[in-house]
Amino acid sequence: MAKITTLLIDKGGVLIDNATLGPQYRRLLGEYLPTELGGNADSWAHANVAAASRAFTRYQQAYRTAPSASIREWYTEDVRRWLYEMCDDVGRPRPPAAQADRIASSAHEYVRRRVDIDVPRIVERLRHFHARGLKLHVASGDQHTDLVGYLDTMGTRELFGRVYGSDLLNVWKASPAYYRAILADIETDPATALVIDDSDRAIAWAGECGVRGVLVRRHDREEFESAVLRAFDEVEQFLF
């Protein structure tokens, strides 16, 4: 069996606990958006609940139907729509498209730089993998700029080579094609790569490409870091 040299690591559910991220996101948006568009913090935070849910539904539809626009263009248009929907809910006028794009981008940047991602044991293990000479890449369906921002906030950007969001590849993380695109880009033999993800579907897609996988399984009431570290322990077994 080929030696593992490359780890492809998902963001949500592996590097970051989405359950703790959501409330922080709403609070921080509530801090930032009134400075640009008026209104009050609670109204913006509340508006984001429905707007984020609708945006996620659109995301699911997009990766299933493969819209004609590039994924980068799709994200730009959808983030603008997300902001406009919140403006409507809060009762503030919609800014022109160019201004809306700037505000939406700045709002996400404001949040990314201020969220509390307290996962010291995960960071320590990532540094351990890197020190052993493994090549680490992020393999997520999120936007590339979001991913880089979170890695910077965690203090781990220097540990990773490529940071793959769907927009960087222009391939949705919705089939084996996503992992084939990564393997082609990094010119890596699939037998030497391993995927760490909290989605069994993602593990299966990678497996269709010849890539081994480790699934993060979080038990009821289990601490997030503990679940991820158990998966990292499984990874260790592939490294000998």
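With a cut-off of 15 Å between beta carbons, the residues surrounding Ile16 carry a summed charge of -3, where Lys and Arg count +1 and Asp and Glu -1. With a cut-off of 8 Å between alpha carbons and a minimum separation of six or more residues, what is the relative contact order of segment 36-163 in percent? Relative contact order for segment 36-163 comes out at 23 percent. Of the two radii for segment 51-124, the radius of gyration is 1.06 times the Kirkwood radius, both from the alpha carbons; that is the Rg over Rh value. Take Trp74: with every protein chain present and a 1.4 Å probe, its accessible area is about 30 Å². Please identify, among Asp220, Asp152, Asp167, the residue showing maximal mean-square fluctuation in a Gaussian network model of the chain using a 10 angstrom Cα cutoff. Fluctuation is largest for Asp220. Amide H to amide H, with H built 1.01 Å from N, Val214 comes under 5 Å of Val195, Ile196, Asp197, counting only residues 5 or more places away or on other chains. Taking a Cβ cut-off of under 14 Å around Leu229, the surrounding Lys, Arg, Asp and Glu residues balance to a net charge of -3, with basic ones at +1 and acidic ones at -1.
The angle between the Cα long axis of helix 18-37 and the longest principal axis of the Cα atoms of the chain comes to about 30 degrees, rounded to the nearest 10.
Remark: segment 80-88, residue by residue, has Karplus-estimated 3J(HN,Hα) of 5, 4, 4, 5, 4, 5, 5, 4, 4 Hz, where x stands for each Gly or Pro and the curve is 6.51 cos²θ - 1.76 cosθ + 1.60 at θ = phi - 60°.
Between 0 and 90 degrees, rounded to the nearest ten: what's the tilt of helix 224-237 against the longest Cα principal axis of the chain? Here the helix axis deviates by roughly 30 degrees. The shape of segment 110-240 comes out rounded: with a ≥ b ≥ c from the C-alpha gyration tensor, a/c is under 1.5.
Helix 176-186 and the longest principal axis of the Cα set of the chain meet at an angle near 70°.
Multiplying the residue separation of Thr35 and Ala97 by 0.36 nm and removing their Cα-Cα distance gives an extension gain of 20.5 nm.
Dipole magnitude for the chain: computed about the Cα centre from +1 point charges on Lys and Arg Cβ and -1 point charges on Asp and Glu Cβ, it is near 220 debye.
A straight line joining the Cα centroids of segment 106-182 and segment 1-61 runs 14 Å. Extension gain for the segment Leu21 to Asp152, taken as residue separation times 0.36 nm less the Cα-Cα distance, is 45.6 nm to one decimal. A helix-only calculation puts the chain at -19000 deg cm²/dmol for mean residue ellipticity at 222 nm, using -39500 (n - 2.57) for each DSSP H run of at least four residues, averaged over all residues. Let me make sure I get this right: for the chain, a, b and c are the square roots of the gyration tensor eigenvalues over alpha carbons, sorted descending. Under 1.5 in a/c it's rounded, otherwise prolate if a/b > b/c, else oblate. Which is it? Prolate. Which one, His46, Leu8, Cys87, is farthest towards the positive end of the dipole of segment 1-122 when Lys and Arg carry +1 and Asp and Glu -1 on their Cβ? Value computed over the given set: Leu8. Each Cα pair under 8 Å and six or more residues apart adds its sequence gap; the mean of these over the residue count of segment 95-240 is a relative contact order of 17 percent.
The charge dipole of segment 8-86, taken about the Cα centre with unit charges on the Cβ atoms of Lys, Arg (+1) and Asp, Glu (-1), comes to about 220 debye, rounded to the nearest 20.
The values are calculated or read from the model by the stated rules, or taken from the named source; none is laboratory data. Here the structure is a predicted model, which is why all the values come from computation and not from measurement. All Cβ positions, even for glycine, are placed from backbone atoms using ideal geometry, and neighbour counts span all protein chains on display. Accessible surface areas use protein heavy atoms only, side chains included; no ligands, DNA or RNA. Shrake-Rupley method; radii C 1.70, N 1.55, O 1.52, S 1.80 Å.
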